[in-house]
Structures are given as C-alpha cells and as structure tokens.
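Enquirer: Structure in structure tokens, see below.
The values are calculated or read from the model by the stated rules, or taken from the named source; none is laboratory data. In this text the structure is predicted, and so the values were computed from the model without any measurement. All Cβ positions, glycine included, derive from the backbone under ideal geometry; neighbour counts span all protein chains shown. Surface accessibility is based on the protein's heavy atoms, side chains included, excluding ligands, DNA and RNA. Shrake-Rupley method; radii C 1.70, N 1.55, O 1.52, S 1.80 Å.
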Amino acid sequence: MAAASVAESRGWFPALAAAVSLLKCLFINAYHSTDFEVHRNWLAITHSLPVSRWYYENTSEWTLDYPPLFAWFEFALSHIAKHFDRNMLVVENLNYASPSTVLFQRLSVIVTDVVFICGARECCRCVKERKGSCSVLNRPSFILAVLLLWNFGLLIVDHIHFQYNGFLFGFLLLSVAKHLQSQHLQGALLFSVLLNLKHIYLYVGPAYGIYLLRCYCFTQENKDGSVRWRSFSLLRLLALGSIVVSVCALSFGPFIAMGQLPQLLSRLFPFKRGLCHAYWAPNIWALYNVLDKTLATLGVRLRLLEEADLPRASMTGGLVQEFQHSVLPSISPPITFVCTLLSILPAVVSVWLRPRGARGFLRCLVLCALGSFVFGWHVHEKAILIPILPLSILAVESREDARIFLLLTTTGHYSLFPLLFTPAELPVKVVLMLIFTIYSFSALRKLYSGQGSLLHPLEVVYLLGLVVVAIACEVLWPLSPWQQRLPFLPLLATSVYCSMGTCYSFLRLYMSLLRQQEKHKQL
C-alpha cells in the first residue's frame with residue numbers, strides 16, 4: 001500500500017509543485033517590503049567586504065543579523081547576482097531596486113524553495129495512509145502536500161512581502177521527516193544546519209534536545225514506557241554532540257578566531273528592540289498591552305491617574321522600540337524567558353516521560369514553537385508559521401489536531417494581512433486566503449467525515465468574527481475620518497482579535513496532550 005502510494009505521488013506531487021512555482025512567478029512585480037532591501041544589503045555586504053567586516057558594517061540600518069551560515073548563503077547568491085546587475089552589490093546603493101535586481105531576488109526565493117518542496121515530499125511519504133481504496137484527492141498525503149506547498153502564509157510572506165522562509169522551512173521539514181523515519185543523526189544534522197541559518201528556530205530546540213536524548217541516547221525503555229537508565233549510550237551522545245559541534249564550529253569558528261563572537265551575538269540577540277514587534281504579533285503580550293492601555297484610560301477618566309504622568313502612546317505607534325507600561329508591571333526579557341520556559345515545560349517533560357514515538361516529538365515541537373510565539377520577547381508576526389507548518393502533518397492524521405490546525409491556521413494567516421497594506425495587494429491576499437481556507441476546511445472535513453463537526457459552534461462564531469474584523473480594517477477604516485488620527489488602530493484590532501485565537505489554540509493543544517496521556521494510563 002505504501003509503495004503504491006509513493007509510486008502514485010510521482011505523478012501528482014511534481015504537478016502540484018510546478019503549479020505553485022508558476023503562481024509564485026506571477027508575484028515577481030508585486031509589492032515588496034523593506035525585507036527586500038535587507039537582503040539586497042546583505043548581498044552587497046557579503047560580496048563587497050571582507051569576512052571580518054560583515055558583522056560590523058552599518059552603512060544601512062538593515063545590518064546583518066542572521067547566523068554565519070546564512071551570511072555564506074547570501075555570499076553564494078551574490079556571485080550569481082553579479083550577472084544580473086552589479087550595482088545591487090554596492091553597499092552604498094541604499095534602497096536599490098532596479099528591474100534586474102527585483103527579478104534576481106524574486107527568482108532566488110523561487111529557486112531555493114526547491115529545498116521546501118523536497119521537505120514537503122519527504123513528510124508526505126511519512127504520513128499514515130488510511131486503509132481501503134479512496135481517491136487520490138482524499139488521501140492524507142495529497143491533502144498534506146497541498147497544505148504545505150500552497151500554504152497561504154508562506155506564499156505572501158516569501159513571494160510578496162519577501163523573505164527566504166521556504167528555504168529555511170525546507171530544512172525543518174526534512175529534519176522532521178528524518179526523525180519520523182528513525183534516521184535521527186540525519187535529522188540532527190539538518191536541524192543543526194537550520195539553527196546556523198536562522199536562530200529563531202531555537203524556539204523548537206528543547207523539543208529536539210530532549211527527544212534525541214530520550215529516544216536516541218537511551219536505547220531501551222521499560223514496559224510502562226518509562227526510560228531504562230541502564231540503556232544509556234555514551235557513543236550515541238558523542239555522535240550527536242560531534243554533529244552539533246562540527247556544524248557550529250564551521251559556522252562560528254572563523255568569527256571566534258577573529259575575536260568577533262561578542263559582536264556577532266549582539267547582532268543575533270538585540271534585546272533593546274522592545275517587547276513587541278512593530279506589527280504586534282498576536283500573542284499574550286498584545287492582550288497585556290491592551291489591558292494596560294485600557295486600565296490607563298479608565299484611570300484617567302476616573303481621576304485616579306494623571307494623564308501627564310503617563311507614557312505618550314509608546315505602545316501604539318507601530319514602532320520597534322522599548323517602552324514602559326502605564327499601569328501594569330513592565331515586561332523585561334528575563335520575564336518573557338521564564339514565561340516561555342514554563343509554557344513549554346509540560347510538553348518537554350511529557351516527551352521525556354512518555355515519548356510516544358516521533359509523533360510525540362512532533363507534537364512537542366509544535367507546542368514549543370507556539371509557546372515561544374505566545375510568550376516570547378519581540379516576536380515577529382511571521383513566526384506563527386513555525387507551529388502552523390509542522391501541525392499540518394498532525395492534522396491529516398488526527399481529527400483533534402485537524403480542529404486545532406483549522407483554528408490556528410485561519411487566525412494566524414489572517415494576522416499576516418497587515419504585512420500587505422497596499423491597495424493593489426488587497427484582492428490578492430483575500431482571494432489566496434479564501435482559496436486556502438476553503439480547501440483546508442473542505443478537505444479535512446471530508447477526511448474525517450462521519451465523525452461529527454470538526455469545530456465547536458463557538459469556534460465557528462469566532463472565525464466568522466475575522467470576516468467582520470477584515471471588513472472593518474481593510475474596507476471601512478480607510479474611508480473613515482479617524483484614519484489620520486489613529487492609524488495604528490486596525491493593527492491593534494487585528495492583533496488583539498487574533499491573539500485570542502492563537503492563545504486558545506495553544507490551550508487546545510495542551511488539552512489534546514493531556515487526553516493522550518489519560519488514554520495511555522487507561523491502557
């Protein structure tokens with residue numbers, strides 16, 4: 001059955017991949033964000049300057065702040081870029097965007113997405129197909145392929161807004177697939193490379209570390225599923241350690257040798273950027289900020305606070321900066337670190353006590369990613385894709401996970417709408433999200449037909465509320481007289497409403513984990 005499924009996928013999977021690649025080409029001349037200039041600047045830095053100056057160069061405000069392997073990736077791209085337009089590789093050419101430069105950078109994202117396509121294909125091969133004959137369109141592997149390759153968030157963030165997330169997520173999916181296939185050393189190698197390409201994937205580092213220690217370094221377990229301490233393999237631990245150390249040495253070694261490690265780390269972890277990103281990622285701190293603002297407003301109206309003593313709209317200006325809360329205690333990086341650690345601790349402990357195979361690891365990975373998103377410091381709204389994409393795998397194998405996937409994906413994808421704020425892109429993002437959302441609901445509902453409704457009525461009402469928020473923010477607000485006075489209000493409304501959905505999804509994931517533990521105890 002599995003061999004037949006793999007053979008059939010040789011026909012439809014390349015067709016899906018080719019179709020989405022052609023769709024990406026249609027966005028070459030679309031709006032692009034400042035991230036386009038960020039990566040053009042990094043091409044110029046790595047091509048024009050010696051390695052010793054890469055993490056010191058600051059002609060542009062968009063300084064190099066990714067790990068060294070990504071810098072070398074930009075260096076490699078720059079040697080192709082010079083055949084398109086050499087002027088893009090001049091550091092002083094700020095905001096340079098000639099037609100050839102736009103073409104090259106857009107094509108570089110599309111071409112490097114081949115890594116993501118390979119990762120998606122490997123994950124589709126790991127999916128448990130259902131018994132009995134059914135149409136290819138209704139098979140879990142086909143549905144997963146569509147959910148991954150045609151992911152709405154990834155399409156607009158990479159191919160309109162502009163970034164290389166598909167390339168990076170490709171390494172994550174390949175790593176997950178290797179663990180599902182019990183090829184743990186290969187999975188560890190791929191994740192080590194990923195961490196040295198973009199350090200945001202530290203979010204899921206605890207899931208990897210604990211799972212590999214528990215299920216690879218300990219070779220046996222007791223009948224009740226607990227760890228058998230005497231089965232610890234020092235050789236396996238050394239093998240894992242050598243992989244991680246080798247990749248990190250290759251990446252950071254030259255900069256350590258030049259005495260630049262402190263400078264490099266200051267670029268990777270700029271804690272002075274503030275609690276929230278400019279667009280207010282939909283997490284717990286968005287709700288915290290609004291509560292603080294509400295209490296401050298009530299305090300002034302009730303004459304409990306003096307308006308002159310309060311900060312001047314520092315949280316609602318859409319700026320990347322540090323600020324102090326008016327009424328509630330201000331949040332510092334250590335506080336967010338402790339909150340994040342506490343939020344992922346039960347998931348990590350669960351993997352240690354009862355791993356339940358690679359899919360238990362995958363669930364822990366999603367919880368770590370979402371917990372870091374909900375409680376992390378200066379979280380980017382785009383980071384919601386880190387839990388969404390791996391959750392796609394669980395969604396085609398479990399009805400409860402499909403329910404959470406629909407909630408988190410719909411909410412998380414809509415929270416990305418403010419990234420595309422130009423009128424020309426409004427119909428594009430609306431149509432693309434509608435297509436992806438309608439397909440997700442219809443495909444998963446058909447996959448789990450006969451098992452009742454996927455969503456609770458109140459959850460349906462919440463998701464329908466997104467339509468109201470969208471109409472208010474995207475259509476009515478630009479026509480209102482308050483647009484100039486309160487320009488940040490649509491962002492605030494989007495973030496706060498979506499925060500409720502992401503926090504609820506996080507709680508649902510933990511409830512699902514607890515149910516699984518109860519079932520295991522009963523067995």
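Enquirer: Among L190, L202, L194, which is the only one that is assigned to a helix (DSSP H, G or I) and under 21 Å from S343 (Cα atoms)?
Expert: None of the other options fit; the residue is L202.
Enquirer: So the check is Cβ under 6 Å with 6+ separation or different chains; which pairs have a first residue in the range 374-400 that's under 21 Å from L155 (Cα atoms) and a second one that's in a helix (DSSP H, G or I) and among the small types (G, A, S)?
Expert: I384/G412; L385/G153; I386/A369; P387/A369; I388/G412; A395/A402
Enquirer: Right, something else. When you go through A30, A71, A76 one by one, which is the residue that is part of a loop (DSSP other than H, G, I, E, B) and within 18 Å of Q163 (Cα to Cα)? Reasoning before the result, please.
Expert: Details: A71 fails: part of a loop (DSSP other than H, G, I, E, B); A76 fails: part of a loop (DSSP other than H, G, I, E, B).
Going through A30, A71, A76 in turn, the sole match is A30.
Enquirer: Taking interchain pairs and intrachain pairs at least six residues apart, which have beta carbon atoms under 9 angstrom, with the first residue in the range 341-360 and part of a helix (DSSP H, G or I) and the second open to solvent by 40 Å² or more (accessible area, probe 1.4 Å) and aromatic (F, W, Y)?
Expert: Listed pairs, sorted by first residue: L341/F375; L342/F375; S343/F375; I344/Y203; I344/F375.
Enquirer: Okay, next question. Collect the residues in the range 48-101 that are among the hydrophobic types (A, V, I, L, M, F, W, C), more than 19 Å from P254 (Cα to Cα) and either open to solvent by 20 Å² or more (accessible area, probe 1.4 Å) or without any contact (Cβ under 8 Å) to a residue 40 or more places away in the chain (or both), keeping them in residue-number order. Steps first, please.
Expert: Here is the first cut: in the range 48-101, the residues among the hydrophobic types (A, V, I, L, M, F, W, C) are 49, 51, 54, 62, 64, 69-73, 75-77, 80-81, 84, 88-91, 94, 97.
Subset that is more than 19 Å from P254 (Cα to Cα): 62, 77, 80-81, 84, 88-91, 94, 97.
Across the range 48-101, the qualifying residues are W62, L77, I80, A81, F84, V90, L94, A97.
Enquirer: Condition (residue is within 19 Å of V127 (Cβ to Cβ), among the hydroxyl-bearing types (S, T, Y), open to solvent by less than 50 Å² (accessible area, probe 1.4 Å) and within 23 Å of the chain's Cα centre (by Cα)) applied to the range 437-457: is it met by at least one residue?
Expert: Within the range 437-457, one or more residues are within 19 Å of V127 (Cβ to Cβ), among the hydroxyl-bearing types (S, T, Y), open to solvent by less than 50 Å² (accessible area, probe 1.4 Å) and within 23 Å of the chain's Cα centre (by Cα).
Enquirer: If we scan the range 422-436, do we find a residue that is acidic (D, E), outside any helix (DSSP H, G or I) and in contact (Cβ under 8 Å) with a residue 12 or more places away in the chain?
Expert: Taking every residue of the range 422-436 in turn, none turns out to be acidic (D, E), outside any helix (DSSP H, G or I) and in contact (Cβ under 8 Å) with a residue 12 or more places away in the chain.
Enquirer: Across the range 61-103, what is the total count of residues that are among the polar types (S, T, N, Q), touching an Asp or Glu at 6+ places or on another chain (Cβ under 9 Å) and under 26 Å from L194 (Cβ atoms)?
Expert: 1
Let's see how each residue does on (1) surrounded by 15 or more Cβ atoms within 10 Å (Cβ to Cβ); (2) of a type in the set (S, T, Y):
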site	(1), (2)
V467	no, no
S480	no, yes
L486	no, no
L491	yes, no
T494	yes, yes
Y504	yes, yes
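Enquirer: Which ones in the range 220-250 are touching a Phe, Trp or Tyr at 6+ places or on another chain (Cβ under 8 Å) and open to solvent by 30 Å² or more (accessible area, probe 1.4 Å)?
Expert: Selection gives R228, W229, F232, R236.
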